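Below is one structure, written out as structure tokens, with a few remarks after it.
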Amino acid sequence: MRAEIIVITSGKGGVGKTTTTANIGVGLAMNDKKVALIDTDTGLRNLDLLLGLENRIMYDLVDVTEGRVPYKKALVKHKKFEKLFLLPTSQVKDKSSVNPEALMKLCDEMREEFDYILIDCPAGIEQGFQTAIAGADTAIVVTMPEISAVRDADKIIGELGRADKENIKLIVNRIRPQMVEQGDMLDMDDINDILSITCIGQVPDDEKVVTSTNRGEPVVGNEDSLAGRAYMNVVRRILGEDVPFMDLRKDSFFRRIKRAFGMN
Amino acid sequence: MSEDIVKIKGIKQGLLLIFASDSKFDEIEENIQKKLSLGFFTRGTPVYIHPEDLPKDDAETLKKIFAKYGLICKIENPENEIREIKQEEPQREEVSFAKPEVKVEGEKVEEMMVVNKTLRGGQEIRTKASVLVCGNVNPGAQIIAGGSIDIRGKCLGVVHAGAFGNQDAVIIADRLLPTQIRIANLVARAPDEGDETEKPERASIKDGQIVIEPIER
């Protein structure tokens, strides 16, 4: 095995990096891949909560990079998915406790054991970001249809380019199809215009994401949820499948009539 | 062997053309035309011809051919330039971009900087030279140039031409929609409710004002 190392980053906070990491991780594990999730948001760890694994943490990333325990000891196995592992980070230390070299060394060590290693990056472009991207082969930039989020994504893509990361993919999260249709929200064309990188996901804003987050069970694969289906499509695109993008627009009464008459 | 008529050598400043000693100019011209039509050269790469290698008229003809394909051809010994560039280098901030070119005309030094990528938010170019961008200039990006600015793409950032007082500097872009446009000591900003055109436009100073007009290219 030789893992692909993917960093999930955004620049701006609150666009859904951690949610995306958790969902892609679970999705890949559902497709029978051996996956490790590394939380690098030291001091503000969340990934364990989204996966419902907080109470199983024994050691953390800082213990591993400082050489107190081997990484295998710090890995937390997911309760439902045999092949999904989390390497949580410390709640008490801060970002300066892990340096880029240490994380790169760890990734190289873990590479042989997994199919995918996902790194959840902290917000911002400071040291935490530099550490998180150091070992990655691919970067996934998460953004929202909002000018500030797109602007920050643009900046992050520039920073990734400066660090010689050329393989960059985009996920647009929390799209509200109704607002897009009314012209109150940026649409995909506006976003592509500025960012011009390959998009592998368009995920709608969905209440089920919040409820499932609170339960510690990512929404991916939940057929009742549009976001769940969108995340599963992202996973399939990462696995190399060619999946068309969903039509996120609500199936309005008007459109149904149009379709009945073969107009749409 | 037709391949050997023109040899291309990669040097620090760009490409150096070396001609076989017994070749005729017709053959050289044909060979270069062929290479150009195959897209052998990357746009914006400076091409050098050693002045002792070809008669002046022939070299000028080649220069015109290269210009047609958007390449800058220089008839000079590239060795002479290394020193020029070294002198200028400390003033440059961005080092990751293509090496600037230096053209010597009497005492006046004119330069051009080529950027072969999209400038993203937060990136800045600051140079005494003119700037050619093959890509977009995104919002949040900044170009401050002593000379003119030519953008082969969309311009949405902040652009400042003639930043050291040159009132003749111009700014050209395929889509000129900058957050702010500055030439020499004048500033203009995009109207809050803008009417957008699909055409390339040029901004320049006329009667003490920044004027934007459509152009053909």
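Tabulated results
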read-out	value
Calculated P(r) tail over 22 Å for the stretch A:4-260, as whole % of Cα pairs	53
A:ARG215-B:GLU213 pseudo-label distance in nm [points 7 Å out on the Cα-to-Cβ vector]	6.7
Rounded to the nearest 20 debye, dipole of the protein assembly as shown from Cβ charges on Lys, Arg, Asp, Glu	1400
GluC sites (Glu not before Pro) within the stretch A:100-198, DSSP loop, no more than 11 other Cβ atoms inside 10 Å	A:GLU112, A:GLU126, A:GLU166
Distance (nanometres) between label positions extended 7 Å along Cα→Cβ at A:GLU241 and A:GLU126	4.1
Shape call, the stretch B:98-214: gyration tensor on alpha carbons, a/c limit 1.5	oblate
Percent accessible area from carbon and sulfur atoms, the stretch B:98-214, protein chains only, probe 1.4 Å	46
Spatially proximal lysines relative to B:LYS34 (Cα-Cα < 24 Å; intrachain offsets below 8 disregarded)	B:LYS7, B:LYS9, B:LYS24, B:LYS56, B:LYS63, B:LYS64, B:LYS68, B:LYS74
Solvent-accessible surface ranking, highest first, for A:PHE85, B:PHE66 at 1.4 angstrom	A:PHE85, B:PHE66
Options A:GLY201, A:MET144, A:LEU61, ranked by Cα towards positive dipole end of the protein assembly as shown, top entry (Cβ charges)	A:LEU61
Of A:LYS169/B:LYS154; B:LYS35/B:LYS199; A:LYS17/A:LYS105; A:LYS77/A:LYS105; A:LYS169/B:LYS117, those spanning more than 28 Å from alpha-carbon to alpha-carbon	B:LYS35/B:LYS199
Two-site FRET efficiency, B:LYS7 against A:VAL69, from Cβ-Cβ distance with R₀ of 60 Å, rounded to 0.05	0.50
Cα gyration tensor, the stretch A:1-133 - rounded (a/c under 1.5), prolate or oblate	rounded
Overall form of the protein assembly as shown per C-alpha gyration tensor (a/c, 1.5; a/b vs b/c)	prolate
Zone of B:ALA188's modelled label, taken as backbone nitrogen in the stretch B:200-217 under 14 Å from a point 7 Å along Cα→Cβ	B:201-215
Test item: Cα-centred dipole of the stretch A:4-260, Lys/Arg +1 and Asp/Glu -1 on Cβ, debye	680
Label point distance in nm, A:ASP224-A:LYS93, each placed 7 Å from Cα along Cα→Cβ	4.1
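The values are calculated or read from the model by the stated rules, or taken from the named source; none is laboratory data. Because the structure is predicted, anything quoted here is derived from the model rather than measured. Positions of Cβ are backbone-derived with ideal geometry, glycine not excepted, and every protein chain shown enters the neighbour counts. Just the protein is used for accessible areas: all its heavy atoms, side chains included, with ligands, DNA and RNA removed. Shrake-Rupley method; radii C 1.70, N 1.55, O 1.52, S 1.80 Å.
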